[in-house]
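S.K.: Here you go, one structure.
The values are calculated or read from the model by the stated rules, or taken from the named source; none is laboratory data. Being a predicted model, the structure only gives us computed values, none of them experimental. Cβ: placed from backbone, ideal geometry, glycine included. Neighbour counts: every protein chain shown. When the accessible area is computed, the model is the full protein with side chains, heavy atoms only, and any ligands, DNA or RNA have been set aside. Shrake-Rupley method; radii C 1.70, N 1.55, O 1.52, S 1.80 Å.
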Amino acid sequence: MAEFKNSILIIDDEEGIHEFLTYNLIKANFIVYSAKNGLEGIKKAKELLPNIILLDVMMPEMDGIMTCIEMRKIDKLNSSLIIFLTARSEDYSQIAGYEAGADDYLKKPINPKVLISKLTSMLTRKKANNIFINSEDKTIQHGKILIDREKYVIIVNNSEISLPRKEFELLALLASKPDKVFTRDELFNKIWGDNSESSYRTIDVHIRKIREKLGDEYIKTQKGVGYRFTDELTQT
């Protein structure tokens, strides 16, 4: 049987970045594709459905933030992990990336060993989550909210709501144990992993985005500790 290889689409307008990443990723047994701007990247992503998309922020024609937003509107790309590559390290830049639907953030200059470690860790967690999702218990239901872990959709009051992968995984984790307070450490390590360059502020951004879409009643803040999912509405 042929060995399965994970596929990666690199979207960056710098030729040197493409050559550097392609060389190291092929050595690590990845299949590598490339695009030079956001528009070309979206077209190739829809055709190739890569496991991972490495996306530069500053690009001509369509920047990385808009590219990510457009990709997250494409159902076929829901299972693709999107990681931003950027020389910018400001908090507001990272927050904009996460709000656009990115899974993680990697700063330039890129250390090949760190990159491979990050990608391997993310793919391992994704595989573990898929095994969990494909178990007998494929849905979580509390009152008027149903979380379909196989289709990656949320149904609230009979209306379907689509969430980016990280928002979905965060909500599903919280809802898996109603009223349990998950610390920020727990949430961060389970969803992003301990080798992520993200900060705990990332969790707060994702919680805010979930609340914007579902309302404030489902996720409660435990001050100074973390968050919990409440099923109080099922008891009223």
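S.K.: Got a number for residues in the stretch 181-221 being surrounded by fewer than 19 Cβ atoms within 10 Å (Cβ to Cβ), more than 19 Å from residue 157 (Cα to Cα) and at pLDDT 90 or above?
M.R.: Total meeting the criteria: 5.
S.K.: What is the residue count in the stretch 43-59 for residues that are surrounded by fewer than 17 Cβ atoms within 10 Å (Cβ to Cβ) and touching a Gly at 6+ places or on another chain (Cβ under 9 Å)?
M.R.: Within the stretch 43-59, residues that are surrounded by fewer than 17 Cβ atoms within 10 Å (Cβ to Cβ) and touching a Gly at 6+ places or on another chain (Cβ under 9 Å) number 1.
Residues checked against (1) open to solvent by 40 Å² or more (accessible area, probe 1.4 Å); (2) closer than 17 Å to residue 18 by Cα; (3) in a helix (DSSP H, G or I):
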site	(1), (2), (3)
61	yes, no, no
76	yes, no, yes
79	yes, no, no
83	no, yes, no
94	no, no, yes
101	no, no, no
117	yes, no, yes
120	yes, no, yes
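S.K.: A follow-up question, please. Mind listing just one residue for me: the one in the stretch 63-74 that is under 18 Å from residue 18 (Cβ atoms) and in a helix (DSSP H, G or I) and, of those, modelled with the lowest pLDDT?
M.R.: So the residue we want is 64.
S.K.: Which of the residues spanning the stretch 6-26 are assigned to a loop (DSSP other than H, G, I, E, B) and open to solvent by 10 Å² or more (accessible area, probe 1.4 Å)?
M.R.: Scanning the stretch 6-26 gives 6, 13, 14.
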